[in-house]
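Here is the structure we will look at, set down as structure tokens.
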Amino acid sequence: MVRTIGDTGLPPKEGASLSDILATIDDSAIEIVSFDVFDTLLTRPVLEPSDLFVLTEPVWCEEGFPGEFVPLRLQAERLARMRIKQSAHAVEEPTLDAIYDALAEITAVPAEDIAAIQRAELDNERRSLSPRATIRAIYDYAIEKGKRIIAVSDTYAPHDFVLSVLQTNGFNSIERLYVSSEIGRCKATGKLFPLVLRDLDAPASKVLHIGDNRRSDFLRAREAGLNAFHVPSAVSNYFMHSPFTIHWACSERPLTPDARLLLGLIINTCFDTADPASWKLSPHVNRDPRILGYGYLGPQLLLGMRANGEGDANPACRRATAIVALETDSALKKEIQSAAQNFISDADAVLKGRPDDHEGIKTLADALFSALAWNSARDHPFPLSLIAPSVLRVAKPVLPLARRLDLVLLRPFLHSRKYIQLVMDRKKFFASTRSPFLKYYARLTGLLPRLNRGGLRGMSHSAWR
């Protein structure tokens, strides 16, 4: 499902680089290379794993079951986790069966119907997973060097399901798979790695573990004596860049579930390939025409297609025409347009069976275009011939005061998982904070857009009508 754009250079984290990882694999002292599974060997087009629950929601609604599926599914998982904490058994991870047993209890839906919903969730999960190219390159290198390969995952998914998905995606050389749902111990607590070492009958010094979670895959692995590298997920890579975090923190409208799926698709496709240090110029496209086409032109065209080019879609169509300006060379234009068509194809596959969400797609397309135009004014990214003069005229007004304040004051809060809250709902994020400073700041910035009606924020949504 997720395509990969660009090279396969890995972002350095905890002092690591691609050359560091490959050099460690080359070391004769390393006999076993261990990989995390989700967001490491396999990736999904989402911001958070729970975003995929919306794909199961239509099945729930078709059957006429009570309530909304996503909040009930989250409630059931919380209940299952609470029960294992209260249990006398030393179990740290609920199984998917336990979660759906809790869902049946909450909703009073018959067990056979709940089982059908559970199968639908696993089917959607399977359909959404694809190999993560940056890690696949390391996996292949380890096999080439004759290393033993294992996988270790903290997940409620069944062992056989995880193994099947890995094999379907070409990871056929995994000697052993350890999942917390089967073993009852987690990497996050540090209790799974010793069990893995005992089963392998291997000293920790001969094992290298690679994963996307800093705590579970790096710190806990190192505490257990393993060699370890932290390779952040594409979503983490994306939000390591201040221009991205600042932009989404300034978004005035929360993203709908469908829009979140599409943003997750864009991020996992375009931003899992480059060392963050290389994103110094034009951070929103990294001088890559495929990113411009897939991540910016594609959503504009999708919006226009979904509305048949009428009404609110007209601005999006004009934006798309402006981005692919007539003065660009034909080969470059074809590359951009091909990437845009790839996005439309992938988006249709992700949203298959979902009701039309024109407003959600419009919010996302507006936000992405605003990001591109804003950065065009800041540091002239990409060949400027790709941006029509009319786009630059929109982008050149001085940044609104609210955005300037966000740039300075919110930066310390943005390089954590709180960016997810900001993307989901800015107002909810500020309402949930305990910081008096942030609450005051939220009230202040609520007034500022009225003082910036001529700035980029207002023009990004209305200047093309």
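The values are calculated or read from the model by the stated rules, or taken from the named source; none is laboratory data. This structure is a prediction, so every number in the text was calculated from the model and none was measured. Backbone-built Cβ (ideal geometry, glycine too); neighbour counts: all protein chains shown. Heavy atoms of the whole protein, side chains included, go into the accessibility calculation; ligands, DNA and RNA do not. Shrake-Rupley method; radii C 1.70, N 1.55, O 1.52, S 1.80 Å.
General remarks:
- The range 105-229 - convex hull of alpha carbons, volume per residue in Å³: 126
- Loop-located GluC sites (Glu not before Pro) in the range 62-123 (DSSP state other than H, G, I, E, B) with a sparse environment of at most 13 neighbouring Cβ atoms within 10 Å: GLU63, GLU68.
- Computed from backbone phi with θ = phi - 60° and the Karplus coefficients 6.51, -1.76 and 1.60, the 3J(HN,Hα) list for the range 90-101 is 7, 10, 10, 9, x, 8, 5, 4, 5, 5, 6, 5 Hz; x is used for glycine and proline.
- Of the three principal axes defined by the Cα atoms of the range 159-206, the extents in descending order read 30, 23, 15 Å.
- The 3J(HN,Hα) values that the Karplus relation (6.51, -1.76, 1.60; θ = phi - 60°) gives for the range 153-170 are, in residue order, 9, 8, 7, 8, 5, x, 4, 5, 5, 4, 4, 4, 5, 4, 5, 4, 8, x Hz. Gly and Pro appear as x.
- Separation between Cα centres of the range 34-63 and the range 112-186, rounded to whole Å: 13
- A 1.4 Å probe run over the protein chains yields, for the range 124-208, 40 Å² of accessible area per residue, whole-number rounding.
- Fraction of the pair-distance distribution of the range 80-136 above 15 Å, Cα-Cα pairs, percent: 61
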